[in-house]
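Working notes, structure below.
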Amino acid sequence: MRSFFYVMTALSVIGLAFWAYHENYETQEALSKAEKLQREISEARQRLRILNAEWAYLNRPDRLRDLAEINFDKLGLLPLQPYQFGKIDQVAYPPKELLPITNPVDVINLELAE
């Protein structure tokens, strides 16, 4: 009986060691994948910052004004005139909705409590 107990204990120790070994390598693989994803996210954010800087550089008002002047004939642009803007009374605002009264109170028949 003792020998059976020793064999089972040895097999369980070997099984637990194999399991721990396997889990260790799976954990290391998951950590390396996470690090790789973090690197990719960092690179994508850096690219985004560069693209935003380039966009801001290309959309400088003085540059756009110069481009509009150079390509004035091709674009057919005309300068803005005051009559092209609308007036405040031309804006169609939606009608104000009245709040529904669900519990009206008759104030005419109420007497002052003194």
So, GLN84, is that one over 35 Å from the mean Cα position of the chain (by Cα) and among the polar types (S, T, N, Q) or not? yes
Look at LEU77 and say whether it is more than 22 Å from the chain's Cα centre (by Cα) and not in a helix (DSSP H, G or I). yes
I'd like the full set of residues that are modelled with pLDDT of 90 or more and loosely packed, with under 10 Cβ neighbours inside 10 Å, limited to segment 51-79. TRP55, ALA56, TYR57, ASN59, PRO61, ASP62
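The values are calculated or read from the model by the stated rules, or taken from the named source; none is laboratory data. Remember, it's a predicted structure, so these values are computed and weren't measured experimentally. Cβ: placed from backbone, ideal geometry, glycine included. Neighbour counts: every protein chain shown.
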